[in-house]
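Every number here is computed from the coordinates shown, using simple stated rules; none is lab data. Note that this is a predicted model, so its numbers are computed, not measured. Here the Cβ positions follow ideal geometry from the backbone for every residue, glycine too, while neighbour counts run over all protein chains shown.
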Amino acid sequence: MLQQDSNDDTEDVALFDTEEETANRPKKSKIRHPVASFFHLFFRVSAIIVYLLCEFFSSSFIACMVTIILLLSCDFWAVKNVTGRLMVGLRWWNHIDEDGNSHWVFESRKASSQENNPISEAESRIFWLGLVTCPVLWVIFAFSALFSFRVKWLWLPWVWCYKVPTYMATSGAKWAAERI
């Protein structure tokens, strides 16, 4: 399980013991982590639904914003700590060196043979499509709020719903570039 390449000074570690779990699981399952897949999309889609339908159910702008921000915060935590690790073998964190400079560290599961690969293609598609599609929708919502002169609704799609998911998507792109 812990193999080290002579040219590579990093070691391949199991994330949440997924290698052991997948060895005991039947091969016919395409989605190996259905709960993680569900919550990867649940928080994002829920935030979009609340944004679209909030004015119909509540007249309180603050309640709507707090609900959406809580859903997106849960989404950020889930992607960074759970679904990224389980669905595509990705983890990242911020490291601050002695000089006070911030460095992002990206790690991914080593590419292995098909029969030992704990990453499902279906889960990988769900992960990347959810990570890329939702920021595109938030950009559309931002332009919609801008052109309809709903200024108070503009900051949410731009800051919380475009910038943060775009950050996660670019982090994922950096991770994918490191794998190639």
If packing is taken as the average number of other Cβ atoms within 10 Å across a peptide's residues, how do 140-147, 119-126 rank, most packed first? 119-126, 140-147
Working only with C-alpha atoms, what are the Rg and Dmax values of segment 43-154, expressed in angstrom? 18.2, 55
Calculate, in nm to one decimal, what Ala122 and Val105 gain on full extension: separation in residues at 0.36 nm each, minus their alpha carbon distance. 3.5 nm
Provide the per-residue ³J(HN,Hα) series for segment 36-52, in order, calculated from phi with Karplus coefficients 6.51, -1.76, 1.60 and θ = phi - 60°, each as a whole number of Hz, with x at glycine and proline positions. 5, 5, 4, 6, 4, 8, 4, 5, 5, 5, 4, 5, 5, 5, 4, 4, 6
